[in-house]
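Here you go, one structure.
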Amino acid sequence: MNGDLEIDASDRLAKSGPRGVDRAAVMVEATLRLLGQSGLEGLNVRAVLKEAGINRRIFYEHFSGKDDLVLAVFAKSVQLTADACRSDMTGIVSPVERLRCVIFRLAVGDPRPGEDWGPALRRGAALCREHLRLAEARPERLHAALEPVLELMAQTIADGIAEGIIRAGSPGRLSKLIYNMLSTTVHAELLASVADAGSPQRRCALAEEIWEFCRSALVVAGI
């Protein structure tokens, strides 16, 4: 399709309604709430319209369908995660420890303000499942949505390589390898028939296992 006709999720997020109301952002927030309440099972266009208080015509002015909306939700969620990672890194000098912060944040997740762990885990599980589906259906758009976290990991890895504490390699490629391994591992864990697979304690233990694997692969021996 001609690039002039292609309107991606980030462009739609810039469209605002009367009195400065960003209707796309309202629908993204409504979707995040629905994912926290009932995961993917409760997510459809009708439910989003009801939660957001927006009609179907307005929805299709901003999004081409459910996949387009989910990509916008991904973009919002990833940006929030990247911002939280930067906050976690404040005062941490070592690139290795900064990378650990990112991996833990991605693997464990975090409740939004006013939430407990239940909605956070349901939303995280839903987005994890959608990640694998969209990686096949909309790979370019998904990659664009993931860019804030991938860039943060790549820069952290590049800092470690420059300091001689992370093995030489392509920071961009390494960040993608880490993210893909992490997301598929968490997805497999969530699909496993383990009662506490989604609990904060189990996710923290899984994050530690993922980190040790990454550390062994990336960090120069003896560091």
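The values are calculated or read from the model by the stated rules, or taken from the named source; none is laboratory data. This is a predicted model, so every value here is computed, not measured. All Cβ positions, glycine included, derive from the backbone under ideal geometry; neighbour counts span all protein chains shown.
Looking only at segment 134-186, count how many residues are of a type in the set (Asp, Glu) and more than 18 Å from VAL220 (Cβ to Cβ).
Number of matching residues: 4.
Here's a follow-up. Looking at GLU41 and the list (1) within 20 Å of the chain's Cα centre (by Cα); (2) at pLDDT 90 or above, which single condition is not satisfied?
Every listed condition holds for GLU41 apart from (2).
Another question about this same structure. Spot the failing condition for VAL70; the list is (1) in contact with a Leu (Cβ under 8 Å, 6 or more places away or on another chain); (2) in a loop (DSSP other than H, G, I, E, B), and only one is missed.
Condition (2) is where VAL70 drops out.
Right, VAL102: within 23 Å of ASP68 (Cα to Cα) and at pLDDT 90 or above or not?
No: the conditions fail for VAL102.
To continue, here is another question. Could you tell me which of the residues ALA188, ALA207, ALA192 is under 17 Å from GLY109 (Cβ atoms), of a type outside the set (Lys, Arg) and at pLDDT below 90?
After ruling out the rest, the residue left standing is ALA188.
Also, quick follow-up: From the list VAL149, VAL73, VAL102, VAL96, exactly one residue is crowded, with 19+ Cβ neighbours inside 10 Å and closer than 18 Å to ARG33 by Cβ. Which is it?
Testing whether each residue is crowded, with 19+ Cβ neighbours inside 10 Å and closer than 18 Å to ARG33 by Cβ leaves just VAL73.
Which residues, counting only those in segment 81-96, are among the hydroxyl-bearing types (Ser, Thr, Tyr) and not in a helix (DSSP H, G or I)?
Across segment 81-96, the qualifying residues are THR90, SER94.
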